[in-house]
1. Over region B:51-101, with every protein chain in place, what whole percent of the accessible area is carbon and sulfur at 1.4 Å, could you tell me?
2. Which of B:GLN57, B:GLN83, B:GLN39 moves the most in a Gaussian network model of chain B with Cα springs under 10 Å?
3. Mind checking which lysines have their C-alpha under 17 Å from A:LYS66, skipping anything on the same chain fewer than 8 residues away?
4. What quantity of accessible surface, computed with a 1.4 Å probe and excluding non-protein components, is buried in total between chains B and A, in Å² to the nearest 100?
5. Treat each spin label as a single point 7 Å out from the Cα along the C-beta direction, and report the B:ASN58 to A:LEU68 distance in nm.
6. Using a 10 angstrom cutoff on alpha carbons, build the Gaussian network for chain A and name the most mobile of A:GLY53, A:GLY16, A:GLY61.
7. Determine the share of chain A's accessible area contributed by carbon and sulfur atoms, expressed in whole percent, with a 1.4 angstrom probe.
8. Taking the full set of protein chains and a 1.4 angstrom probe, give the accessible area of A:ARG24 in square angstrom, rounded to the nearest 10.
Amino acid sequence: GAVVSQHPSRVICKSGTSVKIECRSLDFQATTMFWYRQFPKQSLMLMATSNEGSKATYEQGVEKDKFLINHASLTLSTLTVTSAHPEDSSFYICSARPPRWSGRGLGQPQHFGDGTRLSIL
Amino acid sequence: AQKVTQAQTEISVVEKEDVTLDCVYETRDTTYYLFWYKQPPSGELVFLIRRNSFDEQNEISGRYSWNFQKSTSSFNFTITASQVVDSAVYFCALSEATGANNLFFGTGTRLTVIP
């Protein structure tokens with residue numbers, strides 16, 4: 001069964017709307033989660049690393065104020081696309097990895113959610 | 001710096017043919033992990049294999065096999081007797097033991113299996 005649950009799977013909304021995407025770790029406590037973005041026919045690009053209880057680490061070129069990440073618990077990280085515009089339309093996918101201290105963390109495959117297809121009109 | 005190169009952007013094969021997807025990586029770490037993921041049209045990422053840098057044994061799983069060669073920094077993936085259901089985008093990825101262990105993805109290879 002799914003180890004990481006991502007919701008919603010698809011969002012269509014008007015320009016200017018803020019959209020929240022949830023990523024839940026179902027099978028383990030995830031101190032670290034990752035958010036990726038994938039434009040059509042392109043690879044997955046890491047946007048940010050979400051750390052439980054602390055600020056997210058954003059990759060170069062990703063606007064912190066535009067993509068708000070909250071990782072308030074060990075099983076939930078959220079990505080909010082604020083005031084979304086058509087250029088934000090993309091496939092967003094999260095992943096989670098068991099913590100290193102669990103013995104399952106290092107080198108274990110990151111478990112991915114099923115992704116959220118965001119379309120801004 | 002780390003980098004994953006999948007030189008084949010798109011490949012088409014006829015059903016039952018064998019096909020090899022190439023992956024070349026770069027890393028300065030001595031400990032690292034290599035992955036292959038499958039992304040069908042529905043979009044989800046399906047984990048296929050993980051290999052750590054100290055294990056160069058090739059692996060076979062059904063119709064899938066992987067050839068890891070550190071000497072050439074390659075981790076190639078072969079599908080034997082391809083099927084239409086194998087049609088997808090395949091990503092090779094690298095994770096280093098240091099740092100946050102996030103995945104660095106190649107650009108992917110779109111495989112189309114023609115019936």
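The values are calculated or read from the model by the stated rules, or taken from the named source; none is laboratory data. Quantities reported herein were computed from a predicted structural model and do not represent experimental measurements. No Cβ is skipped: glycine too gets one built from the backbone with ideal geometry, and neighbour counts run over all protein chains shown. Accessible surface is based on the protein model in full, side chains and every heavy atom, while ligands, DNA and RNA are left aside. Shrake-Rupley method; radii C 1.70, N 1.55, O 1.52, S 1.80 Å.
1. Values: 1100 of 2230 Å².
For region B:51-101, the apolar C and S fraction of the accessible surface comes to 49 percent.
2. Taking springs between Cα atoms under 10 Å, the residue moving most is B:GLN57.
3. A:LYS14, A:LYS20, A:LYS55
4. Numbers: alone 6250 and 6780 Å², together 11370 Å².
It comes to approximately 1700 Å² buried between B and A.
5. 5.3
6. Greatest mean-square fluctuation among the candidates belongs to A:GLY61.
7. Working: 2930 of 5940 Å².
Here it works out to 49 percent.
8. Result for A:ARG24: roughly 100 Å² accessible.
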